[in-house]
Structure formats: C-alpha cells, structure tokens
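Take a look at the structure below.
Please treat every number below as a calculation from the coordinates, not as lab data. Nothing here was measured: the structure is a model prediction, and the numbers come from that model. Quick reminder, even Gly has a Cβ in these numbers, built from the backbone with ideal geometry, and neighbours come from all protein chains shown.
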Amino acid sequence: MHSATHQAIDAVWRIESAKIIAGLARMVRDVGLAEELAQDALMAALEHWPTEGVPDKPAAWLMATAKHRALDSLRRSKLLGEKLEQIGQDLLAQEAMLEPDFVDALDAARANEIGDDLLRLIFTACHPLLSTEARVALTLKLLCGLTTHEIARAFLVAEPTVAQRIVRAKRTLAEARVPFELPRGAALGERLASVLEVVYLVFNEGYTATAGEDWMRPALTQEALRLGRMLAGLAPHAAEVHGLLALMELQASRTAARVDAAGRPVLLLAQDRSRWDRLLIRRGLLALERATALAAAQQQPLGSYALQAAIAACHARAHRAEQTDWAQIAGLYEALARSAPSPVVELNRAVAVGMAYGPAAGLAIIDALQNETSLQAYQWLPSVRGDLLEKLGRRDEARAEFERAASLALNTRERALLLERAQALR
C-alpha cells in the first residue's frame, strides 16, 4: 500500500513541482527558499499520505501546505515587517481561491497566472549569471523535478558535484538579487536565447550521449521535449520556441531506429525508417509550420533552430534514404551558416554537399576546417572526412581518419562504431 502511495507522490511531484515552486517563488521572491518550502511540503506528504490516504486534489494539498510554510517562514524572519499582515491576507485569499487541483480545468485568469509563474521560473533558472552547467542542473531540478542523483546519473557527473552546482546557483541568484520577473524589451530576446540553449543542451545530451556506455539517454530527451512543449504553450508567439520544439520532435522521432537490438548505434542513412515515430513527425512538422508562419508575420528570417528543423523535416519526409533531397538540405545549411556561422555548421554542410554534389565537393569544405581549433578534439571531423575519403576510394587514408576519430570518442558505443569502420577498411 505504501509503495503505491509513494509512486503516486512521485508522479504528482514530477508533474506539479515546477508549478508549486514557481508559485512560491513569486510570493517569497527567492527561488532557493521556494524550493525548500516545496520540499518541506513534499516531506509532509510522505509523512501523512501513507496513513491518511492520497487527497482528492494532491497538487492543491501540496501548494496549500507549502504556502502555510511560507507564511511561517515570513513570520519567523520578519522580512516583510509591517507589510506581513497584508501579504499574509493576500496569500490566504489566493489559497482560498485554489478550488480545483492543478490538473483540473482552471479559469483563464488562474491559468495565465500559473503560466506567468512558470515562465518566470524558467527565465530565472536559465539566468546568464549562471554557468551553462549550473543552468542545466538548476533547470532539471526546478522545472523537471529530477533529483540530484538523477541529474548526476544522466550526465555521468559525481552527485556531490551536481549538488554543489545547484547550491552555488541558488546562492548566486540570491546574492545578485535577481528579480523573479519576466525580462522586458531587448533583454527578453537575449534571455530567451539562454533558455532555448539550455533546453537544447539537455536534448542533445540525451540524443547522443557525450560519454558512457549508452549511445542515447532517452529520459533526457523526454525531459527536454517536456520543457519545449511547456515553453511553446507559455510563449505561443515566439517563433524560435516553436522552431526548437519542431527540431526536437523531428529528431526524437528517430529514437527507436537509432540503435539495433544489441544497443549499437545505427547511423541515419542505415536506419529502418518504418520505425520512425509518425506522431512525433506530425507534431514536428506542425511546430515548424507554426514557427515559419510566426517568422513571416513578424517579418523576421527563420532562426537557427527553425532552419535546423527544416533540415530535419527533409529527412522526415523521405520514406527511404535515397529519396532525401540533399540539394535542399545543402541550401538550408548554407542559410544556417549565414545566420549562425560556426565550424560545426560547416562540418554538417560538408556532409550535405558531399551527398548532393559528390564526395570531392564535401571534402573540399572539410579540408578547409582541418586547422579549426574548436574542432581539434571533435571526433566527427575525422569521422566525416573518413567517410568522404572512403567514397573516393582512398581507403588507407579513410581508415586512419576513422582510427583518429575513435581515439577522440568518449562514448563507448561511438568508439566501437568508428573502430568497426576502420577495421572494415583493412
């Protein structure tokens, strides 16, 4: 019985914790304190629900309990002095209004209030003051409800390291007195870019793990998709939010086909496309249409995420690998190189050019990247070069490139794949 209750508590917490923390943060104006209060409410649930039963509206119970703890904290600290009574009355009034549970239908005003709180929480957790690693850890903790242990396991980092990152991040936000509010004007675009970067970093780590034994970590891709869908609902008029969501939905659609029965990687052109998830493809294409329409209405060019989503859409629309429109993909990469130039974009453009116009054309682009400092430890540079050399019949050079790529790979599955390709050329 207790096991079933604990499972229910875990499920409610995973779904509702972000809303609870966001609502509390608006009240106490401190993300760290808000999380502590929410955790106190969770501990109360773990204490009471196994004996008293799960309440009819568990999320509302957690929020009401956390609000009482917030009032107690404010009384003890006397942070608000003479305004305490007024604010306390306001909190109790809001509490009394919390008639439905979060998972029930809410009136439009209350739904908008929760949405605004969640947006504030996302922008706070992804504040540029924090390091990238801290932003990722704090976002997974506050927005996804993951434990420190789960985050550490997902990124193959020691649990104390992750805990320290989260503690330091909350301290940094508190000491800098970062306001719990939505950025305005020019700051909004800059801060939104930081939010999208964090979500995509989480997705990419799940889609192709940097290190470890597994090629993918699907739990992270699912959390990133959840964040992306949340953002699309909270910021419906932001074209790049829909562009990123489209990109993630389309890439995630390939998950089942990206490994064989033994867990070994299966590269894009060798995948069984009948195993691609058609529902995710439809969702991705709809999100891309939304991003394109919003960009046109706002007289803005497609952003980098939307352009990458358009590339993924070319693959999704090809039922067989040989039907892929590589010339269109090469053109899209050229547009991406203009809007968001980077050596990695050029590397991907080389692949598309090689497929569309022949391996020699792709190799010319790759050779121009050979001295690029940022790619010296990037295993996909020698891997792509090896593939193009193999197609040109330069087998010994290709084998050496695959061996070099394998020596740079930190992921066990990835390294094995590259060594297999090198061995096949002996």
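Numerical summary
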quantity: Theoretical gain in end-to-end length, Thr147 to Val167 [0.36 nm per residue, Cα-Cα removed]; calculated: 5.9 nm
quantity: FRET efficiency for Ala176 and Ser73, using Cβ-Cβ distance with R0 set to 22 Å, rounded to 0.05; calculated: 0.55
quantity: Over the range 249-306, relative contact order from alpha-carbon pairs under 8 Å, at least 6 apart, %; calculated: 34
quantity: Per-peptide average of other Cβ atoms within 10 Å, ordering 194-200, 392-398 highest first; calculated: 194-200, 392-398
quantity: For the chain: relative contact order, % (alpha-carbon pairs under 8 angstrom, 6 or more apart); calculated: 10
quantity: Local electrostatic count at Thr255 - Lys and Arg +1, Asp and Glu -1, tallied over other residues with Cβ under 12 Å; calculated: +2
quantity: Net +/- balance of residues flanking Ala424 in space, Cβ distance below 11 Å, scoring K and R +1, D and E -1; calculated: +2
quantity: Reachable aspartates and glutamates from Lys391, criterion Cα separation under 18 angstrom, eight or more residues apart if same chain; calculated: Glu322, Asp367, Glu401, Glu403, Glu420
quantity: Overall form of the range 145-297 per C-alpha gyration tensor (a/c, 1.5; a/b vs b/c); calculated: oblate
quantity: Estimated [θ] at 222 nm from DSSP helical runs (n ≥ 4, -39500 (n - 2.57)) normalised by residues in the chain, nearest 500; calculated: -23500 deg cm²/dmol
quantity: Proxy reagent accessibility, fewest Cβ within 10 Å first, across Ile122, Ile329, Ile9; calculated: Ile9, Ile329, Ile122
quantity: Between helix 159-175 and the chain: long-axis angle, C-alpha atoms, 0 to 90°, nearest 10; calculated: 60
quantity: Sequence-separation-based contact order of the range 168-314, relative, with Cα cut under 8 Å and 6+ spacing, percent; calculated: 21
quantity: Residue exposure sequence - Trp326, Trp13, Trp49 - by fewest surrounding Cβ within 10 Å; calculated: Trp326, Trp49, Trp13
quantity: 0 to 90° range, to nearest 10: angle between helix 380-391 axis and the chain longest Cα axis; calculated: 30
quantity: Relative packing of 407-413, 344-350, 245-251, which averages over residues the other C-beta atoms within 10 Å, highest first; calculated: 245-251, 344-350, 407-413
quantity: Amide H contacts of Val259 (H built 1.01 Å from N, under 5 Å, at least 5 apart or other chain); calculated: Val266
quantity: Gain upon complete extension [Ala186, Ala211; 0.36 nm per residue less C-alpha separation]; calculated: 5.3 nm
quantity: Sorted by Cβ density within 10 Å, fewest first, the residues Val241, Val353; calculated: Val353, Val241
quantity: Burial ranking of peptide ranges 270-276, 164-170, 319-325 (average Cβ count within 10 Å, highest at the top); calculated: 164-170, 270-276, 319-325
quantity: Entry for Rg and Dmax of the Cα atoms in Å (calculated from the structure that is shown) out of (i) 24.3, 81; (ii) 23.2, 80; (iii) 24.6, 87; calculated: (i)
quantity: Charge sum, other residues only, whose C-beta stays under 15 Å from Ala239's C-beta, Lys/Arg counted +1 and Asp/Glu -1; calculated: -1
